[in-house]
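So the structure is just underneath, and the comments pick up after that.
Quick note: the coordinates plus some simple rules give every number you see, no bench work behind them. Small disclaimer: the values here were computed from a predicted structure and weren't measured. With ideal geometry, Cβ positions are generated from the backbone for all residues, glycine too; neighbour counts draw on all protein chains shown.
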Amino acid sequence: MNHQYVSNVIDLTEPEKNIIYNMTHEEAVDILRTGDTEGVRRIDGNFSLVSVEGKTIRMARSIGRPIRYFIAKRPAGPNLVIAERIDTIYEYLKSEGLEDQFHPSYTRMAPAHYITKIELLGCPDPNPVYSRFFTPERNSFSPEDPEQIGIKYMSALYNEIKKWLQHTAKTGPIGVTFSAGVDSGSVFLLT
């Protein structure tokens with residue numbers, strides 16, 4: 001049986017929305033291309049990344065940037081369409097006259113904190129392989145020391161807010177949604 005590689009990958013993920021603190025978008029994609037989970041774990045920020053190398057496509061995302069994908073069939077060969085939102089995929093297919101192939105349940109979501117690797121040959125549904133890159137240690141603090149847990153939690157939150165503010169301060173006004181609960185109150189006070 002003669003398989004054809006996917007002939008076209010359409011990446012609609014809008015890389016300019018990524019907030020990566022410690023490297024460029026291109027450097028992050030190069031790390032993803034290797035499939036090295038430790039390397040991807042070192043990417044600091046909020047991102048959705050796609051790398052394409054021949055028939056191998058890798059996707060990785062943090063919790064705040066979803067990635068969905070869909071395989072569209074064309075006479076010349078299949079197209080892999082990747083986007084954050086289902087409606088973006090549908091609008092692309094509509095612009096190409098392929099909307100009759102679309103159904104939301106045919107799209108697939110790449111899970112957060114995993115490298116999703118697919119090897120695309122022709123049009124069958126891909127069989128993804130998942131490699132987790134975010135593996136925090138569970139229950140690493142003693143429940144008998146809630147003060148220490150609170151200090152670690154608030155320090156981590158403060159450091160993330162500080163990085164985010166340094167990155168976004170020049171882009172416009174900053175606001176904090178405040179419901180008077182402990183979570184939003186913590187963010188408000190630390191900001």
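Just to verify a number: FRET efficiency for residue 55 and residue 14, C-beta to C-beta distance, R0 = 35 Å, to 0.05?
0.90
Which one, 88, 171, 56, has the greatest fluctuation when you compute a Gaussian network model over the chain with C-alpha springs under 10 angstrom?
171
Show that you can apply the helix-only estimate: for the chain, add -39,500 (n - 2.57) for every DSSP H stretch of four or more residues, divide by all residues, and state [θ] at 222 nm to the nearest 500. Don't skip to the end; give the middle numbers.
Values: 5 runs with 57 residues, N = 191.
Roughly -9000 deg cm²/dmol at 222 nm, from the helical runs in the chain.
Over the chain, with a Gaussian network built from C-alpha contacts below 10 Å, which listed residue (120, 165, 32) shows the highest mean-square fluctuation?
For the chain, modelled as a Gaussian network with Cα springs under 10 Å, the answer is 165.
By the gyration tensor of its Cα atoms, with a ≥ b ≥ c the square roots of the eigenvalues, what is the shape of the stretch 146-190: rounded for a/c under 1.5, prolate for a/b over b/c, or oblate?
oblate
What lysines sit close enough to residue 162 to cross-link, taking a C-alpha to C-alpha distance under 27 Å and skipping anything fewer than 8 places away on the same chain?
17, 152, 170
Under 1.5 on a/c is rounded, so check that first for the chain, then, if it is not, pick prolate when a/b is larger than b/c and oblate when it is not; a ≥ b ≥ c are the square roots of the alpha carbon gyration tensor eigenvalues.
Prolate, since a/c reaches 1.5 and a/b exceeds b/c.
Cut-off is 10 Å between beta-carbons; in what order do 98, 189 appear when sorted fewest neighbours first?
189, 98
Loop only by DSSP, 13 or fewer other Cβ within 10 Å of the Cβ. Give me the GluC sites (Glu not before Pro) in the stretch 113-164 that pass, ordered by residue number. Each step should come with its number before you reach the end.
Numbers: sites: 119, 137, 144, 147, 160; in loops: 137, 144.
Answer by residue number: 137, 144.
Can you give the extra length, in nm with one decimal, that the chain gains between residue 38 and residue 88 once fully stretched, where that is 0.36 nm per residue apart less the Cα-Cα distance?
The residue 38-residue 88 span can extend by a further 14.9 nm.
In a GNM of the chain with a 10 Å cut-off on Cα contacts, which of 72, 180, 83 has the highest mean-square fluctuation?
It is 180.
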